[in-house]
Each structure stands twice: as structure tokens, then as C-alpha cells.
1. Collect the residues in the range 105-153 that are aliphatic (A, V, I, L, M) and part of a strand (DSSP E or B), keeping them in residue-number order.
2. Could you please let me know if SER162 is among the polar types (S, T, N, Q), in contact (Cβ under 8 Å) with a residue 24 or more places away in the chain and open to solvent by less than 10 Å² (accessible area, probe 1.4 Å)?
3. Of the residues LYS348, LYS311, LYS322, only one is in contact with a helix residue (DSSP H, G or I) (Cβ under 6 Å, 6 or more places away or on another chain) and away from ligand 1 (no atom under 16 Å from the Cβ); which?
4. GLN343 fails exactly one of the following numbered conditions: (1) within 16 Å of ligand 2 (Cβ to nearest atom); (2) surrounded by 14 or more Cβ atoms within 10 Å (Cβ to Cβ); (3) among the polar types (S, T, N, Q). What is the number of that condition?
5. Is there a residue being open to solvent by 10 Å² or more (accessible area, probe 1.4 Å), within 16 Å of ligand 2 (Cβ to nearest atom) and over 20 Å from the mean Cα position of the chain (by Cα) anywhere in the range 190-209?
6. Only one residue in TYR221, TYR227, TYR173 is within 12 Å of the chain's Cα centre (by Cα) and either crowded, with 20+ Cβ neighbours inside 10 Å or more than 29 Å from ALA115 (Cα to Cα) (or both). Which one?
7. Quick check, is SER160 at negative phi, modelled with pLDDT of 95 or more, assigned to a helix (DSSP H, G or I) and within 16 Å of ligand 2 (Cβ to nearest atom)?
8. Looking at the range 121-145, which of its residues are open to solvent by 20 Å² or more (accessible area, probe 1.4 Å) and more than 16 Å from ligand 2 (Cβ to nearest atom)?
Amino acid sequence: MKHKKSILITGGAGFIGSHVVRLFVNKYPDYHIFNLDLLTYAGNLENLQDVEKSSNYSFLKADITNEPEINKLFDLYRFEGVIHLAAESHVDRSISDPLAFVKTNVMGTMVLLNAFKKIWEGDFNGKRFYHISTDEVYGTLGDTGLFSETTPYDPNSPYSASKASSDHFVRAYGETYKLPYIISNCSNNYGENQFPEKLIPLFINNILENKMLPVYGDGNYTRDWLYVKDHAEAIDLVFHKGKNTATYNIGGFNEWKNIDLVKLLCQQMDVKLSKPKGTSEKLITFVKDRPGHDLRYAIDASKISQELGWKPSVTFEEGLSKTIDWYLNNKDWLENVTSGAYQTYYEKQYK
Ligand code: NAD
Ligand code: TYD
């Protein structure tokens, strides 16, 4: 049998990971894609129903913090490439349970780095460890300026501190052990299959349920939004064409103040639900601010654009419209993920 290149994608049952898994399984029949995921509240195999029977795809239920288990899987499957997305990813949860973030994001990354080093040290040629990170490691911007690849790290939330820490360890393994790594730091993603704790899917779900739309503080916080499938394409490019030890910033060239974004979302929802203009906006409620709330994120994505020829494929209005359509056509998915433990989280966060 022809050898298939063995690629590990961690966190592939989550939001971004599921789009990356789908892209790789369909685009690279010569790879065997192993999706390793613990299936926490954020992981959902329903996201991957269309690829689960593909002959070049396998799912491994495992915890990245479980060192013996991870070492065993690396010994068995000899992953030549790792694309590491598994993480605790929600800032609000990191504020109520920071240790969980250190465990998964820092310790979990360390366990993967050690396992990768253990099987390939001395034979790193052609191997690659790709760590997926966030623009939040750079801290916050004022009203002007952009994050570049050389912006100093200055994380403000337990989430971003844990991601920054894992980035540092990846880089340290590159310097110390010559482990071949790449890191990319991306802005806020939105799109199909995002868990409804993050701004856009939470607000879509709340509009459908006629619940308040809780805007933190005055709503004048700014994020740079990127459609998830454009992020998946960027990850494919960086994994195949990026330079070892490099960092790439990935962003949508698309800044929105939260309140303006929420109003656009409300307008699109009213049209799609055939409701009178202004109906959804009435649900907007300004609530207590998030502690340590970063004012503004904005990415200078010129390096990935110039070096690798990447650019986003959709405008925000198009991407948002596709995203809303997906949620409207997949109400079962929404109902499944918002039953049970979600209710407890929601009550605690927005009481
Ligand atoms: P997500 O929360 O939707 O998915 C995370 C996945 O990791 C889930 O499937 C979960 O089951 C899995 N996981 C969690 N703990 C695990 C463990 N101990 N072992 C194995 N699997 C575990 O996250 P996402 O939004 O898809 O983000 C993916 C990655 O991209 C994260 O590393 C995140 O920091 C980064 N990122 C996200 C964004 C964004 O806007 N969502 C932006 C930039 C970077
Ligand atoms: P979020 O989707 O949690 O992503 P991040 O914190 O990683 O940027 O939040 C995006 C922005 O929306 C952020 O400024 C916080 C704000 N926000 C609200 O105003 N209300 C909410 O209920 C949530 C979840 C977020």
C-alpha cells in the first residue's frame, strides 16, 4: 500500500479545526488525516459528518494533556506534520476558570511538543509542527496602529496569557532542540459551526430565541473579523509554503466596532426572518463590561499576503450572510449544542 503522509490535526472537532480537517481530507488524498480531540463542550463530531467515512480520515478521542496516551499515539502513527488547534478558546471562561487554560493550552502544547521531539529528534527533515495562535497575545491597541509579527507580546486575559505562553514554548523548542515549527496568529474568526458562546453565534441564537443581546460596556470595542474558511485556506498555505521558525499574522483587513457589527447582524437577521426593520435591534442591551477587556485588535496581514499570496475571499457582509444562513438551516445543530451544560454556562455568565 502506498504510504500516506501522516498528519495530526488537534482540536479538529472544534470550530476552526473542523474546517481545516475538511479542507485537508478533501484536498490531500495522499495524506492520512488524524483528528485528535477530547470532545469537550466545544468539540462536536457532527461538524464532520460529511468526511467521517473518508478512507484518509481517522478520529482519535484523546486528551492532549495526557502524556502517556499522547506518546503512545505518536509512537503508533508517527505523525510527520502536526497542526495544533486544540485549546480552551473563550476569554470569558478563562476569567472564571484560568487554571483550565493553563492545563490545556500550556501543558497540552508541551506534551505535544515533547511527543513530536521524542519520535523525530535527529530526523526533523521534512517534519513540521504548526502551532495555531491568536492576535490576542499582542495585548490591546489604542485607536490607531496594527499588530505586526514583531509586535511585543503583552497578553491581558488568562486566555491570551496561556496562548502567549504556549507560543513561547514552541519557539523555545525551535531554538533549543531545532524542532521545525511555524506559528500563525489570527484575528477573530466567524462562520459556520462556531459555538454560540462567541459574539456572532451567541447573538444569532439569542435573536432566534428572542433573548437580549448582551453588549459588554459601551460596545465601542473593535475586532478584526475573518471568515473561518479563509483562515483554513491560510493555514493550508502556511503549513505547505511557510518558512520554518516564521510567524505569520492572519487577519481580515476588516475592523468593526462591536456595536456596529451587532447592528449589521440585526439588520441581516430582520431581512432573513422577514421581520420589520429594527425588530432585532430592540434586543440590544448594554451589560457590565468584561474585566480587562482589550479595546482594539487589528492585524497587519501584509507578510502572509506578500510572501504566500493569501487574501480573504469574501467581504464581511457576504461572510456574515452565509454564516447566518447556515445557522438558520442548521437549527438542530444549534439546539443540540445549547441543551444541557450550555444552559448552566449561560445563566452564570449573563445572570
Ligand atoms: P474551539 O473552542 O471551537 O475548539 C477547540 C477544540 O479543542 C474542541 O474541539 C475541543 O474539544 C478541543 N480540545 C479542548 N481541550 C482539549 C484537550 N485537552 N485535548 C484534546 N482536545 C481538546 O476553538 P476554535 O475557535 O476552533 O479555536 C481553535 C484554535 O484557534 C485555538 O487554538 C484558538 O486559540 C485559535 N484561534 C481561535 C480564534 C477564534 O476566533 N476562534 C482566533 C485565532 C486563533
Ligand atoms: P468574543 O467573540 O468572545 O471574542 P474575543 O473576546 O476573543 O475577541 O468577543 C468579541 C467581542 O464581543 C469582544 O469585544 C467582547 C464582545 N462581546 C460582547 O459584547 N458580548 C458578549 O456576550 C460576548 C460573548 C462578547
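The values are calculated or read from the model by the stated rules, or taken from the named source; none is laboratory data. Quick caveat, the model's predicted, so the values are computed rather than measured. Please note: Cβ atoms are built from the backbone with ideal geometry, for glycine as well, and neighbour counts cover all protein chains shown. Remember, those area values only see protein heavy atoms, side chains included, never the ligands or the DNA or RNA. Shrake-Rupley method; radii C 1.70, N 1.55, O 1.52, S 1.80 Å.
1. Step one: of the range 105-153, the residues aliphatic (A, V, I, L, M) are 106-107, 110-113, 115, 119, 132, 137, 141, 146.
Result: ILE132, LEU141.
2. On the way: among the polar types (S, T, N, Q): yes; in contact (Cβ under 8 Å) with a residue 24 or more places away in the chain: yes; open to solvent by less than 10 Å² (accessible area, probe 1.4 Å): yes.
Spelling it out, SER162 is indeed among the polar types (S, T, N, Q), in contact (Cβ under 8 Å) with a residue 24 or more places away in the chain and open to solvent by less than 10 Å² (accessible area, probe 1.4 Å).
3. Values: LYS348 fails: in contact with a helix residue (DSSP H, G or I) (Cβ under 6 Å, 6 or more places away or on another chain); LYS322 fails: in contact with a helix residue (DSSP H, G or I) (Cβ under 6 Å, 6 or more places away or on another chain).
Only one candidate qualifies: LYS311.
4. (2)
5. Looking through the range 190-209, at least one residue is open to solvent by 10 Å² or more (accessible area, probe 1.4 Å), within 16 Å of ligand 2 (Cβ to nearest atom) and over 20 Å from the mean Cα position of the chain (by Cα).
6. Numbers: TYR221 fails: within 12 Å of the chain's Cα centre (by Cα); TYR173 fails: within 12 Å of the chain's Cα centre (by Cα).
After ruling out the rest, the residue left standing is TYR227.
7. The answer is yes for SER160.
8. Filtering the range 121-145 for residues open to solvent by 20 Å² or more (accessible area, probe 1.4 Å) gives 121-128, 136, 140-145.
Across the range 121-145, the qualifying residues are GLU121, GLY122, ASP123, PHE124, ASN125, GLY126, LYS127, ARG128, THR144, GLY145.
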